[in-house]
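Read the structure below first, then the notes.
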Amino acid sequence: MTEMWRERTHQVGWVLLPLRAFLAFVFMYGGISKIADNRFLDGSSPLSIHASVAAVRNLSPIGGLLGPVEAHSFGFGVLMAAAEMAVGLGMLLGLFTRIAAIGGMGLALSLWLTVSWGAQPWFTSADLVYLFAFTPLLIAGAGGVLSADAWLAQRRAAQPGAAEDRTRRIVLAGGVAVAGAAILDGSALFRRSGHKTTTAAGGTAPTASPTSSAAASSSGSAAPGSSKAPSSKAPTGPVLTAAADVPVGGAQKVTNSNVADTVWVTQLQSGQFKALDATCPHQGCAVDFVSASEGFVCPCHQSHFDATGKVLSGPASSNLSPIAVVVDGKDIRST
Ligand code: FES
């Protein structure tokens, strides 16, 4: 027994087996969970690939290339899930192992350059680790252990001409995969677009009153329920939005570079306005508002915050930053 294990530690296929099994599980799980989660392909969901791409376009060094991905996110989402499952299956079966390793490296590289690009410090990005975790399998393949590649090689040796058949099968399988993705993407073009450019979720817009109260999100601003903006001095901050545009029980997304890249103005109770910087404290993606009960989610790594901005689950470890606001006539203004 001891002798057998000593021998195996010198065989690269056995040494790589735990890594192969781990990568197979992770990539198959990743691909299946994307298809099983109907929010991933739903362009209106903050957890969709569309939302993720939109969130990282301005942060990524390849953001300029992401336009087609965002425009055809359904097709790319299906393609990505299928590619992850194919890589996982290749690792599991030891089938076309080097090709699967190249595919896994491509996926990890694309994720590193997009959703993981802002990781701090940079070497903590899991996608960067996956990128290099495939390199032994790229170099050595499955090493002939529990491997369909080894079985095919034996068959090929026994049947002259099998290599040519194998090449034909690879080309055919690749063509079918590309054609399938093209058909799915084409069908996506005919789907009714569910993308939201500005989200106002969770209720009807209020009949904003110039005298409605301002709930400031930091001390020094108007207290919740007060009937007027502080009167000692007129608010001078920029107008974020019209109060009438913020739905009761919902939130309004606002872009105002004087305050933050993106701001969510909420009105969880009638007349109670607050504002939050949408920048996720993890790596800087813009969070999306789901509902008053479900709060905010980050499309990049799914950090979850309640509707007041308090972090519920990571990887973010701190709350969304509040922005002090006040009602000024019909407007919501930062102070
Ligand atoms: S940027 Fe990573 S969870 Fe938000």
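Values computed for the structure shown
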{"quantity": "Any hit, the range 308-318, residues being open to solvent by less than 20 Å² (accessible area, probe 1.4 Å) and not in a strand (DSSP E or B)", "calculated": "yes"}
{"quantity": "Residues of the range 269-303 that turn out to be more than 10 Å from the ligand (Cβ to nearest atom), open to solvent by less than 30 Å² (accessible area, probe 1.4 Å) and part of a loop (DSSP other than H, G, I, E, B), as a count", "calculated": "2"}
{"quantity": "Filter result (touching a residue at least 60 places away in the same chain (Cβ under 8 Å), open to solvent by 40 Å² or more (accessible area, probe 1.4 Å) and among the small types (Gly, Ala, Ser)) within the range 70-86", "calculated": "Ala82, Ala86"}
{"quantity": "Number of positions in the range 23-60 that are without any contact (Cβ under 8 Å) to a residue 12 or more places away in the chain and in a helix (DSSP H, G or I)", "calculated": "2"}
{"quantity": "Which numbered condition Ala101 fails, given (1) modelled with pLDDT under 95; (2) open to solvent by less than 20 Å² (accessible area, probe 1.4 Å); (3) away from the ligand (no atom under 16 Å from the Cβ); (4) small (Gly, Ala, Ser)", "calculated": "(1)"}
{"quantity": "Some residue of the range 254-267 being within 30 Å of Thr124 (Cβ to Cβ), among the aliphatic types (A, V, I, L, M), within 16 Å of the ligand (Cβ to nearest atom) and touching a strand residue (DSSP E or B) at 6+ places or on another chain (Cβ under 6 Å)", "calculated": "yes"}
{"quantity": "Unique residue being out of contact with any Ser or Thr (no Cβ under 6 Å at 6 or more places or on another chain) and in a loop (DSSP other than H, G, I, E, B) when the list is Leu95, Leu107", "calculated": "Leu95"}
{"quantity": "Sole exception among (1) part of a helix (DSSP H, G or I); (2) within 16 Å of the ligand (Cβ to nearest atom); (3) in contact (Cβ under 8 Å) with a residue 40 or more places away in the chain for Gln120, by number", "calculated": "(1)"}
{"quantity": "Criterion (closer than 21 Å to Ala51 by Cβ and within 16 Å of the ligand (Cβ to nearest atom)) met by exactly one of Ala251, Ala307, Ala316", "calculated": "Ala316"}
{"quantity": "Residue tally, condition modelled with pLDDT of 85 or more and within 22 Å of Val53 (Cα to Cα), over the range 287-304", "calculated": "12"}
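The values are calculated or read from the model by the stated rules, or taken from the named source; none is laboratory data. Bear in mind the structure is a predicted one, so any value in this text is a computation, not a measurement. Note that we place each Cβ from the backbone using ideal geometry, even for glycine, and neighbour counts take in every protein chain shown. The accessibility values were calculated without ligands, DNA or RNA, using every heavy atom of the protein model including side chains. Shrake-Rupley method; radii C 1.70, N 1.55, O 1.52, S 1.80 Å.
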